[in-house]
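Quick note: the coordinates plus some simple rules give every number you see, no bench work behind them. Bear in mind that the values here come from a model prediction, so they are computed numbers and not experimental data. Glycine gets a Cβ as well: all are built from the backbone with ideal geometry, and neighbour counts include every protein chain shown.
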Amino acid sequence: MPSNESDVDESLVAVARERLRAGVEPAVACGELAARTRRWLDAALAVGQARGIPKADLRMRLGGERELLQDEFRPGEEEDYGLLLEIHGVFDVPKQLDEREVVIAEHLRTAWVATGGLGSGHAVSLSRRFVTGELSLAFRTLARFGPRHGPGRPTEFWTAMVAAGELLDPTDGAVAQALAESRVRLAECAR
C-alpha cells in the first residue's frame, strides 16, 4: 500500500481528474484509485494533484498519516481510506487570502491560541477552515467555544475575536451575532 518516493504515475492523475470532472467526491475518487493500485498513497497523491494541490503540500499533509494507513487499512477498505483522508483535510484546496483576510486569520489564530486548547477533532476542523478560507465559519466556531476555564486567556481571546469580527462581513447575521456576543464578553473581562 505505501508509495515509493518517485513521482505519481501520470495515468493515475489523469483518471483522478476524469473522476473529479464527473462530479465524484475526492474521497470516493481516492478510494476508487486505491482499489486499482496496491500503492494507496499514490492514489491519494493523484487525487490531490488533480485538485491542483502542490506536490510538496500533499506530501506534507500525508507524511504524518503513512504509519497509520499502512497498519490500519486492508484491501476492501479503500473507501474508508479516502474518507479518512478527506476528514483530515488532505484534499482541501487552499484559498489564497487577500490582505484583509490575512489580518482576519491572524486575529483568529491569536484567539485560537488564547482558548487554552481545543479537542483534536475541533482543532482539525478549525484548521481546515483556515486552509479553505472559511474565516466567517472559523470566527463563529471560536466564538461558540470561547476560552477554556483555567488555561484560557479570556481578555486576549475576546480582544482578538472583536478585532476579527469587525473585519468580517457585517451583513452576515450569524457573524454580527457572534461579534455582539464577543463585545459583551470583552466588556465583562474589563470589569
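With only alpha-carbon pairs counted, each pair once and no self-pairs, how large is the Kirkwood hydrodynamic radius of the chain in angstroms?
Values: mean 1/r = 0.0547 Å⁻¹.
Result for the chain, one decimal place: 18.3 Å.
What Kirkwood hydrodynamic radius do you get for region 95-191 when you take the inverse of the mean 1/r over all pairs of distinct Cα atoms, in Å? Can you show the working numbers first?
Numbers: mean 1/r = 0.0762 Å⁻¹.
In region 95-191 this quantity evaluates to 13.1 Å.
Just to be sure I understand the model, the point goes 7 Å from the Cα along the line to the Cβ. What's the resulting ALA187 to GLU77 distance in nm?
5.4 nm
With a cap of 16 neighbouring Cβ atoms within 10 Å, and only residues DSSP puts in a loop, list the chymotrypsin sites (Phe, Trp or Tyr not before Pro) found in region 40-127. Could you put the intermediate results ahead of the total?
Details: sites: TRP40, PHE73, TYR81, PHE91, TRP112; in loops: PHE73, PHE91.
Loop-located and lightly packed - PHE73.
Give me the angle, in degrees from 0 to 90, between the Cα long axis of helix 10-21 and the longest principal axis of the Cα atoms of the chain, rounded to the nearest 10.
So the inclination is approximately 50 degrees.
What's the whole-number percent of alpha carbon pairs in region 6-118 lying beyond 24 angstrom?
Numbers: 2057 of 6328 pairs.
Pairs farther apart than 24 Å: 33 percent.
What does the helix-only formula give at 222 nm for the chain: each DSSP H stretch with n ≥ 4 adding -39500 (n - 2.57), the total divided by the residues, and the result rounded to the nearest 500 deg cm²/dmol?
Numbers: 11 runs with 132 residues, N = 191.
Rounded to the nearest 500, the figure is -21500 deg cm²/dmol.
I'd like the orientation of helix 154-167 relative to the chain: the angle between its Cα long axis and the longest Cα principal axis, in ° from 0 to 90, rounded to 10.
80 degrees
Which three extents, in whole angstrom, do the alpha-carbon atoms of region 100-153 cover along their principal axes, largest first?
Result for region 100-153: principal-axis Cα extents of 32, 21, 14 Å.
Can you order the peptides 176-184, 43-51 by their average number of other Cβ atoms within 10 Å per residue, highest first? Show your work: numbers first, answer last.
Working: 176-184: 16.7, 43-51: 26.3.
Peptide ranking by packing, descending: 43-51, 176-184.
So for each of 95-102, 122-129 I average, over its residues, the number of other beta carbons within 10 Å; can you give me the resulting order with the highest mean first?
Details: 95-102: 11.0, 122-129: 16.2.
Top of the packing list down: 122-129, 95-102.
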